[in-house]
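In what follows, a structure is listed as C-alpha cells, so that the remarks can point back to it.
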Amino acid sequence: MESVILVAAQYGQSDVLQTIRNTLPPLAPGMARISVKAAGINPIDARRMTGEFKHSALPQAFGTEFAGVISELPPGTQGWAIGDDVLGSGNGFTHATVIDVPLSNLIRKPKDMRWDVAGSLAGAAQTAMTILDELGEISSLLIHGASGGVGSILIQLAQEREIKVVATASERNQDYLRAMGASATVYGPGLVERLRLIQPQPFDASVDMSGTEEATLASLATVKADGIVATIAGKPVSSPRVQAIWVKRNPKNLQHVVDGLATGQLTWEVSQSFPFSKARDAYAAVLGGHTRGKSVLIFD
Ligand SMILES: NC(=O)c1ccc[n+]([C@@H]2O[C@H](COP(=O)([O-])OP(=O)(O)OC[C@H]3O[C@@H](n4cnc5c(N)ncnc54)[C@H](OP(=O)(O)O)[C@@H]3O)[C@@H](O)[C@H]2O)c1
C-alpha cells in the first residue's frame, strides 16, 4: 500500500515541507495499518521543522497523534477489526495518509466524536495528565500561556482534581480561559501584581507553556518557597528552581480525556483545520505560537 508522507529534507520555515509517496512494507506483527482522517499539529512539529529540535536525521517526517480507520491488521488480531474508528499516539510520524501504529496505542474513537477533535487529542491530553501526575497533591496552580493545546485541557483536568487555577493568555483569550473555569489575566508588564490581586496567597505550583523569562520571574515571585515551579516549554530557563516536565505516553491517561469528552464533562476546541494539501500554511500558523486550542490537518 502507498502512503503520502509529509517530510522535510532540510531545516527551515514551512517552505521546506513537501510530500513524498512511499510504498509501505508488509504490516509488522503487533501493528495496525491506519487510513488517517485527521492529525493534530503540535508546536514540537514546527520546532523540529526549523531545527530548534533535532530529534531525527534528515529527511524527517512529522506528527505525533492521529485519528483514522483501521485498514489492515495482522492475522488473528483480537479486539480490533478492519473498519474500526480509532485515535491515539503515532509511531514516529502521523502526518501521512496511511500509517502503521502499535496495537497498544489504539483507543476506540467515540461514535459521536468529530474526526478533528479525535485526531488532535493524544499529545496535549497526555501532556496535561503528565503535568498533573508530576505536580502531585496541590490545591492552587498558575498556568502561563494556557489558551493553547496543553493549557486548555490542563485547566479542565486540574479542576477535576479540585485545584484552583489562575491562567494567563493574551487579551483575546481571557473569556476563553474563564469559560473553562480558570481565573484569567493577561501576560505582559505588571503580571506579578495582577496575579497577587487574583491570588493573594502564594501558589502551590506553576507550569509554563510559553518559555518566557517573564513567566519564570512571575512564578518565582508568586509560588510558595517549597512549591513547584515547572515548565514544559523546552526552552532555556534562568533559574535552577525551574523543573522541566516531559510528556509520558500513557493510553490510560488518554482514555480518561476521551471519556470526559464523550460524556461532555470536558471540552476541546479545534480553532484551525487545514486540508493536508495546505500543511505548509498549518505549520506556519502553529509556529506563530498563538493557537487557541488545537490546529489539525484533515485528510480526504
Ligand atoms: N515538554 C513536553 O513534553 C511538551 C509537550 C507538549 C508541548 N510542549 C511545549 O509546550 C509549549 C505549549 O504547547 P501548546 O501545544 O499548548 O502550545 P500552543 O497551542 O501553541 O499554545 C501556546 C500558548 O502560549 C501563549 N503565549 C504566546 N506567547 C506568550 C507569552 N509571551 N507569554 C505567555 N503566554 C504566551 C499563547 O496564548 P495567546 O495566543 O493568548 O498569546 C498560547 O496560549 C510549546 O512550546 C510546546 O512545544 C512540550
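The values are calculated or read from the model by the stated rules, or taken from the named source; none is laboratory data. All of these numbers come straight from a predicted model, not from anything done at the bench. In this analysis, Cβ positions are derived from the backbone assuming ideal geometry, glycine residues included, and neighbour counts consider all displayed protein chains. Accessible surface is based on the protein model in full, side chains and every heavy atom, while ligands, DNA and RNA are left aside. Shrake-Rupley method; radii C 1.70, N 1.55, O 1.52, S 1.80 Å.
Below, the figures for the structure above:
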| quantity | calculated |
| --- | --- |
| The one condition in (1) open to solvent by 10 Å² or more (accessible area, probe 1.4 Å); (2) more than 17 Å from the chain's Cα centre (by Cα) that residue 252 fails to fulfil | (2) |
| Some residue of region 15-28 being of a type in the set (A, V, I, L, M, F, W, C) and within 24 Å of residue 234 (Cα to Cα) | yes |
| Residue count, region 74-89 (criterion: under 24 Å from residue 116 (Cα atoms) and touching a residue at least 12 places away in the same chain (Cβ under 8 Å)) | 9 |
| Within region 160-174, considering residues that are in a helix (DSSP H, G or I) and more than 22 Å from residue 196 (Cβ to Cβ), the one least open to solvent (accessible area, probe 1.4 Å) | 160 |
| Top-ranked residue in region 247-264 [being away from the ligand (no atom under 14 Å from the Cβ), in contact (Cβ under 8 Å) with a residue 24 or more places away in the chain and of a type outside the set (Val, Ile, Thr); ranked as nearest to residue 96 (Cα to Cα)] | 251 |
| Residue check, residue 234 part of a loop (DSSP other than H, G, I, E, B) and within 15 Å of the ligand (Cβ to nearest atom) | yes |
| Residues (assigned to a helix (DSSP H, G or I) and either outside the structural domain of residue 220 (by TED's automatic domain parsing) or near the ligand (Cβ under 6 Å from one of its atoms) (or both)) located in region 148-159 | 149, 150, 151 |
| So residue 145, is it surrounded by 24 or more Cβ atoms within 10 Å (Cβ to Cβ), near the ligand (Cβ under 9 Å from one of its atoms), under 20 Å from the mean Cα position of the chain (by Cα) and closer than 25 Å to residue 108 by Cα | no |
| Within region 267-300, considering residues that are within 16 Å of the ligand (Cβ to nearest atom) and part of a loop (DSSP other than H, G, I, E, B), the one surrounded by the most Cβ atoms within 10 Å (Cβ to Cβ) | 268 |
| Filter pass, residue 186 being near the ligand (Cβ under 9 Å from one of its atoms) and without any contact (Cβ under 8 Å) to a residue 40 or more places away in the chain | yes |
| Enumeration of residues in region 50-61 that are touching a residue at least 60 places away in the same chain (Cβ under 8 Å) and in contact with a Phe, Trp or Tyr (Cβ under 9 Å, 6 or more places away or on another chain) | 50 |
| Candidates 88, 123 - the one that is part of a helix (DSSP H, G or I) and surrounded by 22 or more Cβ atoms within 10 Å (Cβ to Cβ) | 123 |
| Selection within region 1-29 - open to solvent by less than 40 Å² (accessible area, probe 1.4 Å), over 17 Å from residue 57 (Cβ atoms) and part of a loop (DSSP other than H, G, I, E, B) | 24, 27 |
| Residue in region 58-69 that is assigned by TED's automatic domain parsing to the domain that holds residue 96, away from the ligand (no atom under 16 Å from the Cβ), over 21 Å from residue 89 (Cβ atoms) and of a type outside the set (Gly, Ala, Ser) present | yes |
| Set 104, 71: member being over 30 Å from residue 11 (Cα atoms), polar (S, T, N, Q), assigned to a helix (DSSP H, G or I) and open to solvent by 10 Å² or more (accessible area, probe 1.4 Å) | 104 |
| Residue within region 113-123 that is within 22 Å of residue 60 (Cα to Cα), among the hydrophobic types (A, V, I, L, M, F, W, C) and within 16 Å of the ligand (Cβ to nearest atom) present | yes |
